[in-house]
Amino acid sequence: MPDLYGALDLGGTKLRAVVAGLDGNISGEIIRPSEADEGPDRVIDRMIETLEAAAKEAGTNVSDLRAVGVASPGALDLIHGLVTEAPQLPGWDGVPLVEIMNKRLGLPVLLENDANAAALGENRFGAGRGTRFMVYLTISTGVGGGIIIDGQVYHGVSGSAGELGHMVVWFNGPRCLCGERGCLEAIASGTGLAWRARDLVDRGEAPGLDRILREKGELDADEVAEAARAGDEDARRLFDEAGLYLGIALANHINIFNPEMLVLGGGVLTGAGDLFFDHAESIMRQLARKEPLKYVRLERATLGDRSGPLGMIAALGDMVDAGGRAPLRPGSG
């Protein structure tokens, strides 16, 4: 049997455990609720239980895996293996996840931001396979991203690079969950679209959306998309603005990074991409500089929810190639 590696995608609502070889072929995969409201200790228990179940499905044991990678949301200290803060995970303030997992599993453990892991997954096994310079954005509940430079995740000096959802694209625009105004996440994410729709309703400026809210009791991004497809002008305007400011962000990424490829993924793009993807591409092509634009392709992600765990498998392969060390630590690239 070839060497197998474990990967965990840690989220606020679910856990995904994958056992795979370095070629990306998955031998075992299990998805379970994370039960994040029960706190770090219980979530870590469930992470290990889920990984054990995935290993069993693969016909092996966790103890026989070569190493384990964890893709986590939130702010991370990659040097010390800490989850320093994660809004999706109550109580995760300075949790030494790598140390805990290492002691409990008896295996090398590598920690990475979930969006960076997804970027690496798409780069090695998905839409960006074969590219060396790539920018990845996931447009979902929030907007995240990752930057691939010469085949590796770019972390920046402190490990916090790649917060592409918090590029300010609209000066003094809508308030973002981060506290700033005009972030791409506040305009194009599922949460941002829902908040903006509710704001229009509260101001009495969107009668069609108000009617939906009264009839269904909720107004999420799916409801706004349905209204836009049915011809509601206010809902349509929200998606037009999402496409406009996403296009501005994409043009900036082209001008700054000169990538071979831009890869877009995430649930909002999957569910409502028909309402804003083409507009975003048109704006991108209007605003990007001609020279870098000649070399870039805009593609949709292909791995779906597996991009994060497969990215961790790729990162573990890089760690092996580097003699057991993480391939790119903050401050080294």
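The values are calculated or read from the model by the stated rules, or taken from the named source; none is laboratory data. Just so it is clear, the model here is predicted, and its values are computed rather than measured. Neighbour counts are summed over all protein chains in view; Cβ atoms, including those assigned to glycine, are modelled from backbone coordinates with ideal geometry. Calculation scope for accessible area: heavy atoms of the full protein, side chains included, ligands and nucleic acids excluded. Shrake-Rupley method; radii C 1.70, N 1.55, O 1.52, S 1.80 Å.
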If you go through 185, 112, the only one that is farther than 23 Å from residue 295 by Cα, of a type in the set (Asp, Glu), in a strand (DSSP E or B) and under 19 Å from the mean Cα position of the chain (by Cα) is 112
Restricting segment 193-217 to residues that are farther than 18 Å from residue 177 by Cα, open to solvent by less than 100 Å² (accessible area, probe 1.4 Å) and among the acidic types (Asp, Glu), the one farthest from the chain's Cα centre (by Cα) turns out to be 205
Would you confirm whether or not segment 108-121 contains a residue that is touching a residue at least 24 places away in the same chain (Cβ under 8 Å) and over 30 Å from residue 45 (Cα atoms)? no
Only one of 273, 231, 267 is touching a residue at least 60 places away in the same chain (Cβ under 8 Å) and surrounded by fewer than 22 Cβ atoms within 10 Å (Cβ to Cβ), namely 267
Considering segment 33-53, residues that are of a type in the set (Gly, Ala, Ser) and assigned to a loop (DSSP other than H, G, I, E, B), and then whichever is surrounded by the fewest Cβ atoms within 10 Å (Cβ to Cβ), we arrive at 39
Next item on the list: Report whether or not residue 222 is within 16 Å of residue 140 (Cβ to Cβ), of a type in the set (D, E, K, R), in a helix (DSSP H, G or I) and open to solvent by 60 Å² or more (accessible area, probe 1.4 Å).
Entry: yes
Next item on the list: Looking only at segment 178-189, decide whether some residue is among the acidic types (Asp, Glu) and modelled with pLDDT of 95 or more.
Entry: yes
Taking segment 1-23 and the residues there that are open to solvent by 10 Å² or more (accessible area, probe 1.4 Å) and part of a strand (DSSP E or B), the one that is farthest from residue 33 (Cα to Cα) would be 9
Checked against (1) surrounded by fewer than 21 Cβ atoms within 10 Å (Cβ to Cβ); (2) of a type outside the set (D, E, K, R); (3) at pLDDT 95 or above, residue 242 satisfies every condition except (1)
Per the list (1) closer than 29 Å to residue 161 by Cβ; (2) part of a loop (DSSP other than H, G, I, E, B); (3) open to solvent by 50 Å² or more (accessible area, probe 1.4 Å), residue check on residue 102 breaks on (2)
Screening 228, 249 for residues that are touching a strand residue (DSSP E or B) at 6+ places or on another chain (Cβ under 9 Å) and part of a helix (DSSP H, G or I) leaves only 249
message: Tell me whether segment 297-315 contains one or more residues that are at pLDDT 95 or above, more than 19 Å from the chain's Cα centre (by Cα) and open to solvent by 30 Å² or more (accessible area, probe 1.4 Å).
response: yes
All-but-one check, residue 155 against (1) surrounded by fewer than 24 Cβ atoms within 10 Å (Cβ to Cβ); (2) closer than 22 Å to residue 254 by Cα; (3) out of contact with any strand residue (DSSP E or B) (no Cβ under 8 Å at 6 or more places or on another chain), failing number (1)
Residue 147: part of a helix (DSSP H, G or I) and open to solvent by less than 30 Å² (accessible area, probe 1.4 Å), yes or no? no
From the option list 326, 322, 251, single residue qualifying as small (Gly, Ala, Ser) and either within 30 Å of residue 204 (Cα to Cα) or at pLDDT 95 or above (or both) is 251
